[in-house]
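Working notes for the structure below.
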Amino acid sequence: MASIDERRAGFKRYKEDVARRGKPFYPYAMFHDTVMSLVVVSVIVALAAIWKYTSLLGPLYAEKADPGTTNFVPRPDWYFYFLFYLLRIFKWPASVILGTVGIPTILLIILLAMPFVDVRRERRLSRRPVAVVAAILVVISMGVLTYKGATAKEALAAELVSKVPTWAHKEGFANNPTAVAGAKLFAESACLNCHTYQNTGGSQLGAPNLTDIGSKHLGIDFQIRHLKCPPCETPGSPMPSFAGFSDEQLRELATFLEASKGNK
């Protein structure tokens, strides 16, 4: 009861202070916030329209993306670098949901709940050690994750290509030149950004481990069709099309995949 009476007394003092020296939050400050929000949204819509229908802000489209490129490494915008690096920490498929959705959501819920949990009138930093330490840890964590995400290095194609002889020996296709050529193309084409092969790769977006894909005996023709149009053969697949590859390259990749039956 004492706590309720204290809150009521504080609210009464607030009302008296507003009546003497200022204006209440509602409706004055809320009206100003609403107007400013409308201004910001209007500016964004205007800039989007200018970009869409004029060339003042640059071209609407640049060159079409080439899924067969071997030198482009996709990176997120800078404000997602912390999440980008979390994916490196939680790189196992079963834990990806924890790093990308679980942890950020839990922290956001805690942040939103704080004003309702901590209702003390005390605002001096020296009297709020838990809140101060938590805020410092959040800032440091976000800063470190953002920095690590910005400076993270992807495995270079040359480093991956150097693994091909080891792959060929373990998988048993060292005497198959077409499969070896496909393995090199596989290493150069950023396939390992998503897939995993012989304990190397990313395991992103649910991409399967291809170490023993050949043991399923899907066939060369299926592999080529899948490379050309992944969603056609596997509905819902986020894998990009590699139809830009030549017929020879597609056959090399397909041969490599079919020759990958696990460690010999």
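The values are calculated or read from the model by the stated rules, or taken from the named source; none is laboratory data. Remember, predicted model here, so these are calculated numbers, not experimental data. So basically every Cβ, Gly included, is an ideal-geometry build from the backbone, and we count neighbours across all protein chains shown.
Quick notes
- Wholly enclosed helices (runs of 4 or more DSSP H) of the stretch 160-235 bearing at least 2 residues touching a residue at least 60 places away in the same chain (Cβ under 8 Å) and in contact with a Lys or Arg (Cβ under 9 Å, 6 or more places away or on another chain): 164-171, 177-188
- Condition met for Leu145 (surrounded by 11 or more Cβ atoms within 10 Å (Cβ to Cβ), assigned to a helix (DSSP H, G or I), touching a strand residue (DSSP E or B) at 6+ places or on another chain (Cβ under 9 Å) and modelled with pLDDT of 80 or more): no
- When the stretch 197-231 is filtered for residues that are on the phi < 0 side of the Ramachandran plot and either aliphatic (A, V, I, L, M) or in contact with a Gly (Cβ under 7 Å, 6 or more places away or on another chain) (or both), the ones remaining, listed by number, are Ala207, Leu210, Thr211, Asp212, Ile213, Ser215, Leu218, Ile220, Ile224, Leu227.
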